[in-house]
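**Student:** Attaching a single structure in structure tokens format; questions to follow.
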Amino acid sequence: MHTLICGSIAYDTIMVFEDRFKRHILPDKIHVLNVAFLVPEMRREFGGCATNIAYNLQMLDGKMLIMATVGDDFQPYAYRLEKLGLAQTHIRQVQDTFTAQAFITTDLDDNQITAFHPGAMNFSHRNSVKDAADISLGIVAPDGREGMLTHAREFHEAGIPFMFDPGQGMPMFNGDELLDFIEKADYIAVNDYEAQLLQSLTGYTLNKLATRVNALIETKGAEGSVIYAQGKQFQIPAVRPEKVVDPTGCGDAYRAGLLYGIAQGMDWQETGQLASLMGTLKIAYRGGQNHRYERDEIGQRYFESFGSRIF
């Protein structure tokens, strides 16, 4: 049986401006802004929530399928997925579109200016959960608005437990729509900022929302995470990283750990600790998919961090 990962596939183009934006943006001229930044350093990363999660889940030997939409420029990414051995069965190419992509310019103060083009992601509703066989678990990660609504409904109608991970897609939905997602979902995963926004939009506290699902997971970066489940709060410590390089994709790595633990029937403390470790292993590398560990290495790091064996 497989975990079906519904979410985005994207290219991330990251550029570094070797100065500070504030030296080139005049506050009294913001209404006639016309600036250009010379960016000698540029790199292109493979990203997107669905593929980031799958990349990390593969390191755990998890069984998964990716469901996403891509554009005419997908070939380099398709070649990468082929080399990784990740199936493309439910990745749909939408003609006359671009694959979703972010263009990020960072200055020396780590300020960022980002332009995001959703492209083919807007057509994610053309994919159907019904087309995937042998699915025992799912996740609705950030994607096109209609796709997220459709896939949540289809998971629910099929009786397949799934995780709702609104992420940066949360502002696309009002409070009633978010509550509808929660009523259908079995698990919710949010970071601390998203948790505040979710409470504000729905009018419910995290404790109240947690009573509507099997588990609600709130990540808090270096402060660890909390899992609300079984009427308890499981406190999950953060694992100290070897170095802190780039938080991009850490949330997706964490969710891969969650999905693996749920699929394997682990208890919540073990599941959260594995998820915490996966996020930490990622943060030492640039981009969402440039770290690589064998399953045995992950198991050893888990033992060193928590004093018990997980594999």
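**Student:** Just the residues that are open to solvent by less than 60 Å² (accessible area, probe 1.4 Å), within 21 Å of SER276 (Cβ to Cβ) and of a type outside the set (Gly, Ala, Ser), please, taken from the stretch 36-65.
**Tutor:** Across the stretch 36-65, the qualifying residues are CYS49, ASN52, ILE53, TYR55, ASN56, LEU57, GLN58, MET59, LEU60, MET64.
**Student:** State all residues of the stretch 286-304 that are open to solvent by 50 Å² or more (accessible area, probe 1.4 Å), touching a Lys or Arg at 6+ places or on another chain (Cβ under 8 Å) and touching a residue at least 40 places away in the same chain (Cβ under 8 Å); if no residue qualifies, say none.
**Tutor:** Selection gives ARG286 alone.
**Student:** Further, regarding this structure: Is it the case that some residue within the stretch 66-84 is open to solvent by 30 Å² or more (accessible area, probe 1.4 Å), of a type outside the set (Asp, Glu), in a strand (DSSP E or B) and farther than 18 Å from ARG292 by Cα?
**Tutor:** There is no residue in the stretch 66-84 that is open to solvent by 30 Å² or more (accessible area, probe 1.4 Å), of a type outside the set (Asp, Glu), in a strand (DSSP E or B) and farther than 18 Å from ARG292 by Cα.
**Student:** Let me ask you something else. Scan the stretch 140-159 and report the pairs whose first residue is over 14 Å from LEU4 (Cβ atoms) and whose second residue is buried (at least 20 other Cβ atoms within 10 Å of the Cβ) and of a type in the set (Val, Ile, Thr), with Cβ atoms within less than 8 Å and a gap of 6+ or a chain change.
**Tutor:** Sorted first by the residue in the stretch 140-159, then by its partner, the pairs are GLY144/THR69.
**Student:** Return only the number of the condition from (1) free of Cβ contacts under 8 Å to residues at least 60 places away in the same chain; (2) under 30 Å from GLU297 (Cβ atoms) that TYR55 does not satisfy.
**Tutor:** Evaluating TYR55 over (1) free of Cβ contacts under 8 Å to residues at least 60 places away in the same chain; (2) under 30 Å from GLU297 (Cβ atoms) leaves (1) as the failure.
**Student:** Conditions: (1) hydroxyl-bearing (Ser, Thr, Tyr); (2) open to solvent by 30 Å² or more (accessible area, probe 1.4 Å); (3) in a loop (DSSP other than H, G, I, E, B). SER8 meets all but one. Number of the miss?
**Tutor:** Single failed check for SER8: (2).
**Student:** If you don't mind, another one. In the stretch 210-222, what count of residues is obtained for those that are modelled with pLDDT of 95 or more, of a type outside the set (S, T, N, Q) and not in a loop (DSSP other than H, G, I, E, B)?
**Tutor:** Here the count works out to 5.
**Student:** Checking ILE283 against (1) open to solvent by 10 Å² or more (accessible area, probe 1.4 Å); (2) at pLDDT 95 or above; (3) of a type outside the set (S, T, N, Q), only one condition comes out false. Which one?
**Tutor:** For ILE283, the exception is condition (2).
**Student:** With the checklist (1) open to solvent by less than 10 Å² (accessible area, probe 1.4 Å); (2) in a strand (DSSP E or B) in hand, flag the one item LEU198 doesn't pass.
**Tutor:** Looking at each condition in turn, LEU198 falls short on (2).
The values are calculated or read from the model by the stated rules, or taken from the named source; none is laboratory data. Only a predicted model underlies this, so the values are computations on that prediction, with no experimental measurement involved. FYI the Cβ positions are ideal-geometry reconstructions off the backbone, even for glycines, and counts take in every protein chain you see. What goes into the accessible areas is simple: the full protein's heavy atoms, side chains included, and nothing from ligands, DNA or RNA. Shrake-Rupley method; radii C 1.70, N 1.55, O 1.52, S 1.80 Å.
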